[in-house]
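Have a look at the structure that comes next, please.
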Amino acid sequence: MLQKASGGMPHGGGVRIAKDSAQYQRLFAWIAQGMPEGSEDTPPVVRIEITPRERRLTMQGEQQLRVVATYADGHTEDVTRLARFQTNQEAIANVDERGLVTAGQTPGDVAIMAAYLDQVDVFRAIIPRPGKAAKPSTPPRYNFIDELVDRKLQKLNIQPSNLCDDATYLRRVYLDVIGTLPTPKEAREFLEDQRPNKRALIVETLFERPEFADYWALQWADLLRVDRLVLGHKGSYEFYSWIRDSFRENKPYDQFTRELIAPEGSLTKAPAGYFYKVVTKPGERASTLSQVLLGTRIECAQCHHHPFDRWSQTDYYGMSAFFTQVTFKDGPGGPLIGGFRDKATKHPRTNEEVFAFALGTKQPEISPEGDRRQLLANWMTAPDNPWLSRSFANRLWAHFCGRGLVEPIDDFRLTNPPSNPELLEALAKDFVEHQFDVRHLMKTIIASRTYQLSSEP
C-alpha cells in the first residue's frame with residue numbers, strides 16, 4: 001500500500017503520498033499496529049464545511065481554502081491537508097492538493113469541491129471580465145427572469161446584448177417550439193404585423209399546432225426509451241401516443257409523472273406502463289427515472305458510495321425497492337401491469353433487506369404496505385419536492401437557451417451547483433405555483449427579454 005502510494009512501486013496513479021508527509025507516517029503507524037479497524041464508539045464525520053464559501057477573484061488571483069470536519073459528538077477538526085479538491089472548470093480556476101485556488105485568464109463562474117471521507121462541500125468563485133465595470137442594465141425587464149439574469153451578468157461584468165430583430169425571433173421561436181422553420185407566407189405575415197404583442201401571440205399559435213406535440217413527444221420518447229424492437233409496433237405506438245397526447249393536452253407535469261411512475265391495469269388504458277417493459281430491472285428503473293425526472297444520477301451508488309455526491313449503496317437499493325413489486329399478468333384485453341408481488345431487496349454487501357425509501361429521506365423500520373410506487377409518486381410530485389420542479393425547469397431552460405443552469409442537465413448534486421441558483425429556484429417555484437403547467441413555464445422563458453436577446457455581443 002505504502003510502496004505504491006509513495007512511488008516505490010510502478011503505479012498508474014503516480015505518487016499520491018510523499019514519504020516525509022504526515023499522511024505517510026500515520027499510515028505506517030497504523031500498519032505497524034496490525035491495521036486495527038477501530039472502535040464502534042468512534043464518532044463518524046457528519047459534515048464538512050469549506051471556508052470561505054464564495055469569493056470574487058481577479059484573473060490569476062488566489063484563495064486558500066480551509067476544510068473543517070464536524071463529528072457526531074460535536075467536536076471539530078481541521079482536515080484541509082486530508083481533503084481532496086477538484087474544480088469543475090479548469091479553464092476558469094484550478095486548485096492544488098493543499099486547497100489553494102488559482103484563477104486562470106478566462107472569466108466565469110467556477111465551483112471547487114472539497115471531499116473528506118464520504119462528505120463533500122463546495123466553494124464558489126466568480127472571476128469577472130477585466131476592464132471598466134459594465135453599466136447597470138437599463139433595458140426594460142419583461143419578467144422575473146431578466147432581473148435575475150441581469151444581476152448575474154453585472155457580477156461577471158458583462159453587458160447584455162440588444163433585442164434580436166423580428167426575423168431572428170421568428171426563426172428562433174419556430175425551431176424551439178415546434179422544431180421547424182416558418183413558411184415564407186408565415187414569415188411575411190409576422191414581419192408585416194404591427195401589433196406590439198405579436199411575439200406573445202405567435203407563441204400561443206405555435207402551441208396549438210400539431211407539430212408542437214409531435215416535436216416534444218419525439219424528445220421525450222428518447223428519454224423514456226420508446227423502443228419498437230422491444231415493444232413491437234402496437235406497444236411503441238401506444239407509448240409514444242401517450243407522450244404526444246400529454247403535450248397536446250398540456251397535461252400537468254405532476255400528473256404526467258404520476259402516470260409514468262405508477263401505471264396500473266391494462267397497458268392500453270395505462271400506456272405509460274410500457275416503460276416497465278423496456279426497462280426491466282428494479283435498479284435500472286430507479287436510476288433511469290431518478291435521472292430523467294429528478295436530474296439525479298444514482299447509478300454509481302449501485303456498487304460504491306457516489307464519489308461526488310451523498311448517495312450510498314443503501315440509497316440506491318432503497319430506490320430500487322420501490323420497483324421490485326412490478327410485474328405483468330395476462331388480461332382479457334392484453335397485458336396488465338401492477339404491484340402484484342412482494343420481492344425483498346437485499347444489500348449486496350451486508351445481505352440485509354433494504355426497505356423502500358426516497359432519496360434524502362430515512363429508511364423505514366418496516367417495509368411500506370401497498371404498491372410502493374404510489375408512495376414514490378406522492379413524494380416525487382409533492383410541491384416541496386426539491387428535485388422534480390427544478391429538474392424540469394432546468395431541462396426547459398437548456399432547450400430554449402442552449403445551456404442548462406445545471407450542466408449536464410441530469411446531474412444535480414452539491415458538487416455541481418447551478419450557474420444561477422436564484423434563477424433556478426424562481427423558475428421551479430413559479431412552475432409549482434402554476435400547478436406544474438408546462439406551457440406556462442415555456443411561455444415564461446420565451447417571454448423574457450433574456451430569451452429574445454440578439455446573439456451578437
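Throughout, read-outs are computed from the coordinates displayed, never taken from laboratory work. All figures in this text were calculated on a predicted structure; none of them were measured in a lab. Because the Cβ atoms are built from the backbone with ideal geometry, glycine has one as well, and the counts that use them run over all protein chains shown.
For R413, list long-range residues whose amide hydrogen, built 1.01 Å from N in the peptide plane, is under 5 Å from its own amide hydrogen.
Residues meeting the amide H criterion: none.
Could you tally the net charge around I127, taking each other residue with its Cβ under 15 Å from the Cβ of I127, Lys/Arg +1 and Asp/Glu -1?
So the environment of I127 carries a net charge of +2.
Let me ask something additional. What FRET efficiency, computed as 1/(1 + (r/R0)^6) with R0 = 25 Å and r the Cβ-Cβ distance, is obtained for N250 and E407, rounded to the nearest 0.05?
It comes out at approximately 0.35.
Still on this model: Could you tell me how far the Cα centroid of the range 380-457 sits from the Cα centroid of the range 13-82, in Å?
So the two Cα centres are separated by 36 Å.
Can you give the Rg/Rh ratio of the range 211-381, where Rg is from the C-alpha atoms and Rh is the Kirkwood radius?
So for the range 211-381, dividing Rg by the Kirkwood Rh gives 0.98.
Pop out the ³J(HN,Hα) list for the range 259-276 in order, Karplus 6.51 cos²θ - 1.76 cosθ + 1.60 with θ = phi - 60°, rounded to Hz; leave Gly and Pro as x.
5, 6, 6, 10, x, 8, x, 5, 5, 5, 8, 10, x, 4, x, 4, 4, 6
Report the percentage of all Cα-Cα pairs in the chain whose separation exceeds 36 Å, rounded to a whole percent.
42 percent
When the dipole is taken about the Cα centre of the range 211-381, and only Lys, Arg (+1) and Asp, Glu (-1) are charged at their Cβ, what size is it in debye, to the nearest 20?
Charge dipole of the range 211-381: 260 debye, to the nearest 20.
Using a basic spin-label model with each label point 7 Å from the Cα along Cα→Cβ, how many nm lie between F28 and V230?
Reported label-point gap for F28 and V230 is 5.5 nm.
What residues qualify as long-range amide H neighbours of L336, i.e. H under 5 Å apart, gap of 5 or more or another chain, H built at 1.01 Å from N?
Sorted by chain and number, the residues that satisfy this are K329, D330, G331.
Still on this structure, please answer the following. Kindly work out what percent of the DSSP beta bridges joining two residues of the chain are antiparallel, to the nearest 5.
Around 95 percent of the beta bridges assigned by DSSP in the chain are antiparallel ones.
Give me the distance between the Cα centres of the range 198-226 and the range 157-173, rounded to whole Å.
Each part's Cα centre sits 22 Å from the other's.
Report the charge-dipole magnitude of the range 95-140 in Debye, nearest 20, computed about the Cα centre from +1 at each Lys and Arg Cβ and -1 at each Asp and Glu Cβ.
So the magnitude is around 480 debye.
A follow-up question, please. Test of the criteria: in the range 248-343, which trypsin sites (Lys or Arg not before Pro) are in a DSSP loop and have at most 10 other Cβ atoms within 10 angstrom of their Cβ?
Sparse-neighbourhood loop trypsin sites (Lys or Arg not before Pro): R341.
Which of the lysines could a cross-linker span from K329 if the Cα-Cα distance has to be under 24 Å and same-chain partners fewer than 8 positions apart are dropped?
K234, K269, K277, K281, K343
Residue farthest toward the positive end of the dipole of the range 166-208, with Cβ of Lys/Arg at +1 and Asp/Glu at -1: which of V203, T168, A187?
T168
Further question on the same structure: Which GluC sites (Glu not before Pro) does the range 136-234 hold that lie in a coil by DSSP with at most 10 other beta carbons within 10 Å?
Counting only loop positions with at most 10 other Cβ atoms within 10 Å, the GluC sites (Glu not before Pro) in the range 136-234 are E208.
Just tell me which lysines come within less than 16 Å, Cα to Cα, of K4; anything on the same chain fewer than 8 places away is out.
Of all the lysines, those that pass the test against K4 - Cα under 16 Å, at least 8 places apart if same chain - are K19.
Among Q325, W30, P139, whose Cα sits farthest toward the positive end of the charge dipole of the chain (+1 at Cβ of Lys/Arg, -1 at Cβ of Asp/Glu, about the Cα centre)?
Value: P139.
Need the list of lysines near K362 for cross-linking: C-alpha distance under 19 angstrom, and skip anything on the same chain fewer than eight residues off.
In chain and number order, the partners are K346.
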